[in-house]
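Here the structure comes first, spelled out in structure tokens, and everything after it is commentary.
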Amino acid sequence: MANFIDENFLLKNETAKRLFFGTAKGLPIIDYHCHLSPKAIAEDKPFEDIARMWLEGDHYKWRIMRANGTPERLCAGEGPWEEKFVAYTSALTKAAGNPLQQWSHLELQRIFGISEVLTPHNALKIREEANRVLATKRISPRSLLEQFNVNVICTTDDPIDDLHWHKAIADEQRAGSAFRTKVLPAFRPDKAMNTADIVAWNTYIDALGTSAGVEIGSYAALVEALSRRHAYFHAMGCRLSDHALLVPVFMPASESELDAIVRSARNGTALSAKEQAKLMTAMLSHMARLNAQKNWTMQLHIGALRNVNQSLYAAFGPDVGGDTISDAPIIEPLASFLGMLEAEGTLPKTILYTLDPTKHLALATLAGSFCGTKISSTGEAASPESDASSRPSRSEMGTVQWGVPGKVQLGAAWWFNDQKDGMERHMREYASVGLLGAWVGMLTDSRSFMSFPRHEYFRRLLCNAIGEWVEAGELPDDPLYTESVVRAICWENAASYFGML
Ligand SMILES: [Zn+2]
């Protein structure tokens, strides 16, 4: 029997151990999508309480607590931290197979050096011990980013954000700060595109107009405001946009139609479903074109059906654990959208995430249909629209014109899929219809500075999967097929794909 989370955790064969300890373990991290607070990094206040670090705002944990019958005052409510901590450990004892059970113990080991198994009986003693470690080691946002060798993080930011904290950190680094992690923004214009609540949309569009210095009364002004904020974010080092889509839509409309829609919306008239879809299609296309121009990557997070528990939403607002997986069809409108961009030569690097794991295979095949090498009328590969200078020329490579590896790709197993079974399935499916070695790999998507051991968790599973193929005689035991692929997925691909280093 293996020991619980020992050094060979998740590494079930010798090749896996060789790949993890020899290659993956020491590589830096590029966390290209997360929800960490740039303000917390700029201020760098030391943490004081593991209970707050674990349970403040962590809806993953609240979900298993609620499932354990924990009263709401100990989940999203205002109950005492001591009671919350004990209640969480009580849920944890029943969480066999749930990633929280392993993540929590991994965090205890890696951050606090505590290897004891958490139970409600020793919870308070472990909390005390962990808090002593926080104080004596002065553990803070920056110390955790340094401990886990995080080279780059991309936060998630609204276009109207002035990026004050990002600037403060960058200024400090330019002045010679010892803190070297690049903290870059990512552009998330969801509020500009979501017109379902016309009052909320108008309030937001007023703020967008102010921040961009544009009076938004027409469609042209609306996209001009977004373009200006995109340019500002670019100057601040941003290289990714991010978009949440419950269901992708594709409904092209003429400029005059779009203008009429925006004028009517700006007058406070609620939009029909068709009008909403037309405006969303146009704005997302505009974003894609801006991204292509600036060589950014567009991330589409598809299929999160949010706030299905209305009483929870009424009491605590969004992001409190009342979300679920949508099983609505997504592929056809998305295929039309990507196809249109490809045809007009404005398809940016794109990462497609879905919350519905049954769609991973379909989404991976869709991604694989767009490789970024345009074909001329004579059938020859023509030069792609971006980044041509960094690739080998035709004369160097014979007849092959290289594009961006993995230009459109399937994103990492997301949210409810970010667990052992989900990640293993995701990698197998990606590999079976796509090019696993061109993948940009793992991200935390987290709001917690303690989440970085999840990169280790992922790397162990990746090494184990490749190790299993090697040991079964299904993959050559040749470093070009093994070590190189592990290094690429854990580090090199993200480093070259996003262009942020
Ligand atoms: Zn996210």
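Express the Stokes-Einstein translational diffusion coefficient of the range 190-247 in µm² s⁻¹, to the nearest whole number, given a Kirkwood radius over alpha-carbon pairs, 20 °C and a viscosity of 1.002 mPa s. Taking Rh from Cα pairs, D becomes 176 µm²/s. Give me the net charge for the shell around GLY26: Cβ to Cβ below 15 angstrom, other residues only, Lys and Arg +1, Asp and Glu -1. Here the count lands on +2. Pairwise alpha-carbon distances in the range 1-113 exceed 26 Å for 35% of all pairs. Evaluating kT/(6 pi eta Rh) at 4 °C and 1.567 mPa s, with the Kirkwood radius of the chain over Cα pairs in the Stokes-Einstein relation, gives 53 µm² s⁻¹. Considering only Cα atoms, the convex hull volume of the range 216-269 works out to 116 Å³ per residue. Calculated [222 nm] ellipticity per residue, helices only, for the chain: -14000 deg cm²/dmol; basis is -39500 (n - 2.57) per DSSP H run with n ≥ 4, divided by all residues, nearest 500. A simple rule links phi to the HN-Hα coupling: the Karplus curve 6.51 cos²θ - 1.76 cosθ + 1.60 with θ = phi - 60°, which for the range 7-15 gives 5, 9, 3, 6, 9, 9, 8, 5, 5 Hz, with x for Gly and Pro.
A simple rule links phi to the HN-Hα coupling: the Karplus curve 6.51 cos²θ - 1.76 cosθ + 1.60 with θ = phi - 60°, which for the range 180-187 gives 9, 4, 6, 10, 10, x, 10, 8 Hz, with x for Gly and Pro.
Rolling a 1.4 Å probe over the protein heavy atoms of the range 430-501, with every protein chain left in place, gives an accessible area that is 52 percent carbon and sulfur. The portion of the accessible surface of the range 1-136 made up by carbon and sulfur, rounded to a whole percent, is 51 (1.4 Å probe; DNA, RNA and ligands excluded). Scattering from the range 8-61 was approximated by placing one identical point on each alpha carbon and applying the Debye formula without solvent; log10 I(q)/I(0) at 0.13, 0.17, 0.28 1/Å stands at -0.63, -0.86, -1.08. Hydrodynamic radius of the range 120-262 by the Kirkwood approach over all distinct alpha-carbon pairs: 18.5 Å. Here the range 76-150 is treated as a sphere whose radius is the Kirkwood value from Cα pairs; by Stokes-Einstein at 25 °C and 0.890 mPa s it diffuses with a coefficient of 183 µm²/s.
Per-residue extension of 0.36 nm, minus the Cα-Cα distance of ASP197 and PHE179, leaves a gain of 2.3 nm for this segment. For the residue pairs LYS39/LYS167; LYS25/LYS167; LYS39/LYS84; LYS84/LYS125; LYS274/LYS359; LYS84/LYS137, the alpha carbons lie more than 20 Å apart in LYS25/LYS167; LYS39/LYS84; LYS274/LYS359; LYS84/LYS137. Counted by Cβ distance under 11 Å from GLU483, the other residues give a net charge of 0, where Lys and Arg count +1 and Asp and Glu count -1. Probe of 1.4 angstrom, ligands and nucleic acids ignored: what's the accessible area per residue over the chain, in square angstrom? Averaged over the residues of the chain, the accessible area is 42 Å².
Can you pull the percent of the range 241-340's accessible area that's carbon plus sulfur, 1.4 Å probe, other chains left in place? Percent of accessible area from carbon and sulfur atoms in the range 241-340: 54.
The heavy atoms of ARG63 offer some 90 square angstrom of accessible surface to a 1.4 angstrom probe. How large is log10 of I(q)/I(0) for the range 147-226 at q = 0.13, 0.15, 0.26 Å⁻¹ when the intensity is taken from the Debye formula with one equal scatterer per alpha-carbon? For the range 147-226 at q = 0.13, 0.15, 0.26 Å⁻¹, log10 I(q)/I(0) is -0.53, -0.64, -1.21. Measuring from a point 7 Å past the Cα of GLU471 along Cα-to-C-beta, which residues in the range 425-460 have an amide N at less than 17 Å? Of the residues in the range 425-460, 459-460 have backbone N under 17 Å from the label point off GLU471. Where the alpha-carbon atoms of the range 75-200 are placed on the principal axes, they occupy 48, 46, 28 Å, in descending order. Shape summary of the range 183-333, radius of gyration then Dmax from alpha carbon positions: 15.8, 44 Å. Taking the square roots of 5 times each eigenvalue of the Cα gyration tensor of the range 421-501, largest first, gives ellipsoid semi-axes of 22, 16, 12 Å.
The HN-Hα couplings worked out from phi for the range 289-294 by the Karplus form 6.51 cos²θ - 1.76 cosθ + 1.60 (θ = phi - 60°) are 5, 4, 4, 4, 4, 9 Hz, whole numbers, x standing for Gly and Pro.
The values are calculated or read from the model by the stated rules, or taken from the named source; none is laboratory data. These numbers come from a predicted model, not from an experiment. Don't worry about glycine lacking a Cβ; one is built from the backbone with ideal geometry, like all the others, and counts go over all protein chains shown. Just the protein is used for accessible areas: all its heavy atoms, side chains included, with ligands, DNA and RNA removed. Shrake-Rupley method; radii C 1.70, N 1.55, O 1.52, S 1.80 Å.
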